[in-house]
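Structure first, commentary second.
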Amino acid sequence: MQSAFQGIEMGKRSLFAHARALSTVGHNLSNASTEGYSRQRVHFSATEPLYRPDLARAETPGQIGQGVDISRIERVHDQLLQGRIVANSAGEGYWQSRDKYIGQLEQVYNEPSELSLRSRMDKFWDSWQELSQYPEQMGARQAILERANSLGDGIKLRHQQLLQIGSVLDQDVKATVDRVNQLTTNIGLLNMDIVRVKAEGDSPNDLMDKRDLLVTELGSLVNITIDERDPDEYSIHTNGLHIVQGAIHRPFELQTDLENEGYSAVHWGDVKSRFYPDGGKLASLLHVRDIDLRQEVQGLDNMAVNFIDLVNEVHTQSYGLGGQNNVDFFVEHAFVTNANGNYDRNGDGQMDHSYVFRMTGSNALDAKSQIGLRGTLTLSGPQGDVAVDYFPTDTVEDLILRVNLSGAEVVARLDRNNQLSLKGAPSAALGQPDFVIRKVADSGQFLVGYSGLLTTSGDAGAYQFNRQDAVSSLRTGSDFAVAPVAHPSGWISVNQQLVKDPGAIAAALGPNGKPGEAGDGRAALEVAALRQRSVMVGSSPSFDDYFSDRVVAIGLKGQEAEISVKTHELIMKNLRDMRESYSGVNMDEELAQMIKFQHGYNAAARFITTVDGMLDVIINRMGV
């Protein structure tokens with residue numbers, strides 16, 4: 001039998017349902033400006049009827065309705081669209097960070113034109129040109145000293161600016177890793193809360209919004225993929241490995257990398273293995289710091305060490321006003337004090353390597369002459385040995401060009417005495433030293449009898465740097481120079497002997513080993529000619545080419561970063577707009593919903609009032 005108080009219960013359910021719906025509308029309106037919030041919708045459903053069809057049911061004309069209930073409060077959310085946002089956020093984070101720091105590297109080259117490094121070097125060459133015209137004047141020598149000091153200051157300033165950018169990058173790496181660890185911790189805690197709420201039969205809509213927001217931020221820092229196949233174990237992977245698995249997260253830790261300027265290296269905190277992100281802000285920071293910035297520093301160091309070596313080569317073989325000879329113009333700081341370049345690399349107290357920067361053959365060569373020999377040169381390269389074949393019809397300059405284009409980390413040239421000179425170049429591998437020749441071998445006779453560099457052909461006569469006294473492989477009469485101190489661009493300075501006695505600045509070439517004559521400016525002219533001579537500063541033939549190549553290279557990187565960041569920002573803007581149009585709060589729609597639920601609440605209240613009046617009649621007035 002139907003209860004007389006059934007109407008009160010039915011009206012109460014309606015009141016509660018519409019009040020909850022109004023609260024949901026208020027929650028949506030309150031969070032209209034909250035980042036990552038997805039609007040919520042209340043779904044009503046009829047309460048289970050009083051009777052169900054079975055053999056024992058009362059004889060009533062149909063089921064007796066019991067009012068309304070809220071079946072669920074749904075989060076309006078497109079999971080596929082969210083997955084696209086997370087997937088593309090790594091690209092946006094990568095290029096935004098790269099564009100920022102490549103822009104800082106560009107600013108190092110965008111100096112005021114009168115004070116730029118290129119301008120200072122041009123003035124340095126011009127001062128030697130002037131000395132060649134007035135070799136007997138002391139004023140021209142004073143001008144060389146002033147411009148040499150200015151050039152040295154400019155080189156050291158650029159080196160300091162690059163190191164400052166590296167320090168900022170390293171600090172950003174540390175902050176990014178800390179943020180990644182914080183995000184994975186918070187996501188793991190949210191996963192635990194979400195599972196608990198779902199187990200109680202509720203919908204953790206706001207918690208899932210918070211998790212999606214954190215996951216999107218995490219995706220901008222490192223490349224991630226999401227696995228939601230198990231509703232009770234929300235998982236996130238990076239590089240194919242778990243970074244979050246339910247409530248468990250795997251942190252990263254930082255370790256000092258002594259082979260990379262003492263910068264921070266990212267490792268997995270549990271297994272201690274190195275972590276190399278494929279995308280996101282962290283990958284961009286590591287790429288700019290360990291590749292782009294390192295290339296700029298190595299390029300500047302390479303220019304500086306070759307500049308010092310070549311100017312000194314001419315200056316030491318020339319004569320000053322008082323007949324001074326064998327005086328370096330720039331101070332060369334050696335990496336090792338051992339005359340043969342021997343170095344204890346593993347720190348066990350025993351010399352085990354030879355650090356040699358330059359080796360020069362004993363025979364004078366003609367660049368245009370054919371070699372008349374056949375064989376293969378083996379030189380150290382970025383990923384192992386590099387083979388350079390030569391043939392009888394090749395000229396000396398053909399083989400030198402082939403060596404310089406081979407990709408080996410050894411460059412070749414004919415020095416001022418037309419002797420073959422091999423120099424170590426910057427190393428691409430972090431574990432290998434810069435400006436150190438690691439291997440030189442020849443299966444034939446070009447480096448042996450022809451240029452007078454090695455004593456024996458084949459592996460038996462190969463120069464290998466991974467042993468003590470490796471220079472014993474060089475032929476008697478050849479010459480070599482030990483490797484320079486790390487980052488020679490930060491140590492360049494003019495010889496103080498010349499500062500005290502400017503007359504010792506050499507301008508003359510002495511005939512037959514005798515001091516130069518008054519008015520002889522040939523040595524000064526030869527120094528000035530280094531400006532455009534093919535001296536092989538890395539991959540750049542001349543010093544002028546070096547400056548042009550570096551500006552073009554960094555400019556192209558900046559242009560690429562600028563275009564890419566705009567492209568990814570546009571993609572992400574479209575995806576976020578799509579998400580906002582689907583999941584965002586629309587004020588007009590919410591106000592319309594509020595009016596509808598308000599009318600429903602008023603109707604339920606009126607219904608309860610009516611039922612109350614009916615019960616009042618039954619209870620208080622019947623039988624009177």
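Some observations on this one:
- For the stretch 205-294, the convex hull spanned by the alpha carbon atoms encloses 97 Å³ per residue.
- The shape of the stretch 149-214 can be summarised by an equivalent ellipsoid whose semi-axes, obtained from the alpha carbon gyration tensor, come to 51, 9, 4 Å from longest to shortest.
- Average accessible area per residue (Å²) across the stretch 61-153 - probe 1.4 Å, nucleic acids and ligands excluded: 47 Å²
- Overall size of the stretch 339-410 from C-alpha positions, given as principal axis extents largest first: 49, 29, 17 Å.
- Mean separation of Cα contacts under 8 Å (6+ apart) over length of the stretch 498-624, as relative contact order %: 8 percent
- Quarter of Cα convex hull surface for the stretch 70-226, i.e. mean projection, nm²: 13.1 nm²
- The fraction of all Cα pairs in the chain landing in successive 10 Å bins from 0 to the largest distance is 3, 12, 16, 16, 13, 10, 8, 6, 5, 4, 3, 2, 1, 0, 0, given as whole percents.
- Stretch gain in nm, segment Asp344-Leu258, where the contour uses 0.36 nm per residue and the Cα spacing is subtracted: 29.3 nm
- Each label was represented as a point 7 Å from its Cα along the Cα-to-Cβ direction; for Gln104 and Thr476 these points are 5.6 nm apart.
- Straight-distance crosslink candidates among aspartates and glutamates, where the alpha carbon sits under 12 Å from Lys368 and sequence neighbours closer than 8 are dropped: Asp394, Glu397, Asp398
- When the stretch 383-432 is reduced to its Cα atoms, the Kirkwood hydrodynamic radius in Å: 12.1 Å
- Proximal aspartates and glutamates to Lys12, defined as alpha-carbon separation beneath 16 angstrom and excluding residues fewer than eight positions away on the same chain: Glu48, Asp69, Asp612
- For the chain, averaging the sequence separation of C-alpha pairs within contact (under 8 Å, six or more residues apart) and dividing by the residue count gives a relative contact order of 20 percent.
- When only alpha carbons are used to place a centre, the stretch 386-435 and the stretch 354-369 end up 10 Å from one another.
- Overall Cα dimensions of the stretch 537-585 - principal axes, largest extent first, Å: 63, 12, 10
- Distance from the alpha carbon centroid of the stretch 468-495 to that of the stretch 268-321 works out to 18 angstrom.
- Accessible surface of the stretch 306-462, 1.4 Å probe: 46 percent of it comes from carbon and sulfur atoms.
- Charge dipole (debye, nearest 20) of the chain; +1 at Cβ of Lys and Arg, -1 at Cβ of Asp and Glu: 740 debye
- Given Lys174/Lys557; Lys123/Lys156; Lys198/Lys573; Lys100/Lys272; Lys123/Lys500; Lys156/Lys557, the pairs whose alpha carbons are separated by over 27 Å: Lys198/Lys573; Lys100/Lys272
- At full extension, Asp202 and Thr337 could sit 41.1 nm farther apart than now, given 0.36 nm per residue minus the alpha carbon distance.
- Taking 0.36 nm per residue of separation and subtracting the Cα-Cα distance, full extension of the segment from Asn418 to Ser33 would add 131.1 nm.
- Compactness ratio for the stretch 422-495: Cα radius of gyration over 2.2 N^0.38 Å (N = residue count) comes to 1.26.
- Pairwise inverse Cα distances across the stretch 383-523, averaged and inverted, put the Kirkwood hydrodynamic radius at 17.9 Å.
- Principal axis dimensions, largest first and in whole angstrom, of the stretch 261-411 by Cα: 64, 46, 35
- Secondary-structure-derived ellipticity at 222 nm for the chain, considering helices only, amounts to -15500 deg cm²/dmol, per-run term -39500 (n - 2.57) for DSSP H runs with n ≥ 4.
The values are calculated or read from the model by the stated rules, or taken from the named source; none is laboratory data. The shown structure was predicted, so the numbers you read here are calculated from the model rather than taken from an experiment. Neighbour counts run over all protein chains shown; Cβ positions are idealised from the backbone, glycine included. Areas reflect the complete protein model, heavy atoms only, side chains present, ligands, DNA and RNA absent. Shrake-Rupley method; radii C 1.70, N 1.55, O 1.52, S 1.80 Å.
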